[in-house]
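The values are calculated or read from the model by the stated rules, or taken from the named source; none is laboratory data. Worth saying up front: this structure is predicted, and the values here are computed from it rather than measured. Here the Cβ positions follow ideal geometry from the backbone for every residue, glycine too, while neighbour counts run over all protein chains shown. SASA here: full protein model, heavy atoms, side chains in, ligands and nucleic acids out. Shrake-Rupley method; radii C 1.70, N 1.55, O 1.52, S 1.80 Å.
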Amino acid sequence: MAGPLAGLRIIELAGIGPGPFAGMMLADHGAEVIRVDRPGARIDARDPLLRSRTLVGVDLKSPEGIAVVRDLVRTADGLIEGFRPGVTERLGLGPDALLADNPKLVYGRMTGWGQTGPYAAAAGHDINYIALAGALHAFGRAGEKPTPPINMVGDFGGGGMMLAFGMVSALLHAAKTGAGQVIDAAMTDGAAVLMSMIWGFRANGMWSDDRGTNLLDTAAHFYDSYETRDGKWIAIGSIEPQFYVELRRLTGLDADPAFDAQMDRASWGPLKDKLTALFLTRTRDDWCEMMEMTDVCFAPVLSMAEAPAHPHNAARATFVEAGGVVQPAPAPRYSISTTAAPAMTTAFSGGNVLAGLGYDAARIAALTAAGTVR
């Protein structure tokens, strides 16, 4: 594999959402990621979260299957799992057992609530984790209920991305010291960290717990989305004074004295009403022709169907096609390392992986015939 993580081997115990996202990130940047799933699991060859993996089916309910995973982990630099606390211990694949087998192992644990705390054993989803973290309360418009930003903040930003960061950090530590360790990645913790700047605003008296009344949460007329004449939308982010001046100039509002006091919160509502009416007078394309690539801080609000074709995204190859599926390309980019194009995972490769571990043909055949490995 190409990429800055080339040469690292990660074992991923199959799960959904944030765990596979962390595995995707590591694989995108060059790690060899071997995903251990159930032998009868359906392979979703259209799921980008599973791309660029080697897939092995192993029966974790059998002693022979557990032995296979332990053999795999002895050859690995890291492991990621997303079960509830205590599950891998009951399987015989907990951190104590695997670190005894491989003292340099980085053992990444992905949960919603964390390995400890009163909620640790409870079920939950993204919406619950970001609610407890103090993040969900901030998302939404004034007078309306909290609105989850789909599952970007808990599952992926505070969960999978944070686990991937933790894995790379601990892998660097292991390379320097020879010591592996366990990562307790909780989506509640990660979602809280993503709110760090807002906590700073709050400490400085710049943020209110009243939703939809703040600079970045749709209260300000110069930081919001607006509908256009054709039923589409544009996004305005003219925060800094020089960008606000450009917004006024291009909209023809530079002569309206009502817009002079940009940061007068009492004026934000009436000024938003004026901008709402103005932006409805032209189509999204009209506003793009006027404002794109200016210092207004402007962009059209593109749908998922539209985004890959936008000239900027096309120029940067922000989206790629793999296995007939349009999907985001690996990010970020590097000046020296080159990441490989994503490849969709389409088949189990248990026999090849076992051969790479030194299993002889007879043992591979027996494990396969018994349904222990696929």
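Annotations for the structure displayed:
- ASP273 exposes around 110 Å² of accessible area when a 1.4 Å probe is run over every protein chain in place.
- Considering only the chain, percent of DSSP beta bridges that pair antiparallel, nearest 5: 35 percent
- If R0 is taken as 51 Å, the Cβ-Cβ distance between SER225 and ALA175 corresponds to a FRET efficiency of 0.70.
- Phi-derived couplings, Karplus 6.51 cos²θ - 1.76 cosθ + 1.60 at θ = phi - 60°, listed residue by residue for segment 28-44: 4, 9, x, 5, 7, 10, 9, 8, 9, 10, 5, x, x, 5, 7, 8, 8 Hz, with x used for Gly and Pro.
- In the elastic network of the chain, a GNM with C-alpha springs shorter than 10 Å, the most mobile of LEU99, LEU171, LEU253 is LEU253.
- Within a Gaussian network of the chain (alpha carbon springs, distance under 10 Å), most fluctuating of THR283, THR339, THR54: THR283
- Relative contact order, whole percent, for the chain stands at 20, derived from Cα pairs under 8 Å and 6 or more residues apart.
- Rounded to whole Hz, the Karplus (6.51, -1.76, 1.60) HN-Hα couplings of segment 5-10, x for glycine and proline: 9, 4, x, 8, 10, 10
- Expressed in Å, the radius of gyration and Dmax of the Cα atoms of segment 162-282 are 21.3, 67.
- Diagonalising the gyration tensor over the Cα atoms of segment 1-159 and scaling each eigenvalue by 5 before taking the square root yields semi-axes of 30, 19, 14 Å, largest first.
- For segment 243-250, backbone phi angles converted through the Karplus equation (6.51, -1.76, 1.60; θ = phi - 60°) give residue-by-residue couplings of 6, 5, 4, 5, 4, 5, 5, 6 Hz, Gly and Pro being listed as x.
- Selection from VAL182, GLY86, GLY212 lying farthest towards where the dipole of segment 81-239 points positive, charges on Cβ: VAL182
- Beta bridges by DSSP in segment 91-250, antiparallel share as percent, to the nearest 5: 45 percent
- Convex hull volume of the Cα atoms of the chain, normalised per residue: 169 Å³.
- Each Lys and Arg Cβ is given +1 and each Asp and Glu Cβ -1; about its Cα centre, the chain then shows a dipole of about 940 debye.
- Cut-off under 5 Å, modelled amide H: who pairs with GLN181 long-range: VAL106, TYR107
- When both segment 132-181 and segment 199-227 are represented by their alpha-carbon centers, they are found 22 Å apart.
- Relative contact order (percent, whole number), segment 1-106, Cα cutoff 8 Å, 6+ residue spacing: 28 percent
- Gyration tensor (alpha-carbon) shape descriptor, segment 1-84, a/c threshold 1.5: oblate
- Relative contact order of segment 203-246, defined on C-alpha pairs under 8 angstrom at six or more residues apart (%): 22 percent
- Long-range amide H partners of PHE83 with built H, under 5 Å: MET110
- Globularity index of segment 101-146, i.e. its alpha-carbon radius of gyration over 2.2 N^0.38 Å: 1.68
- Taking Cα centre as origin and charging only the Cβ of basic (Lys, Arg, +1) and acidic (Asp, Glu, -1) residues, the dipole magnitude of segment 151-269 rounds to 320 debye.
- Candidates ALA14, ALA219, ALA185: whichever shows maximal mean-square fluctuation once the chain is modelled as a Gaussian network with Cα springs under 10 Å: ALA219
- Debye intensity ratio I(q)/I(0), log10, segment 41-92, q values 0.21, 0.27, 0.28 Å⁻¹ (C-alpha model): -1.01, -1.25, -1.26
- q = 0.11, 0.19 Å⁻¹: log10 I(q)/I(0) that the Debye formula gives for segment 254-369, counting C-alpha atoms only: -0.69, -1.08
- Only lysine pairs 8 or more places apart or on separate chains count here, and in the chain those with Cα atoms under 30 Å apart total 7.
- Pair ALA67, ALA2: separation of 7 Å Cα→Cβ label points (nm): 4.1 nm
- Over the chain: helical MRE at 222 nm, DSSP H runs n ≥ 4 each giving -39500 (n - 2.57), nearest 500: -10000 deg cm²/dmol
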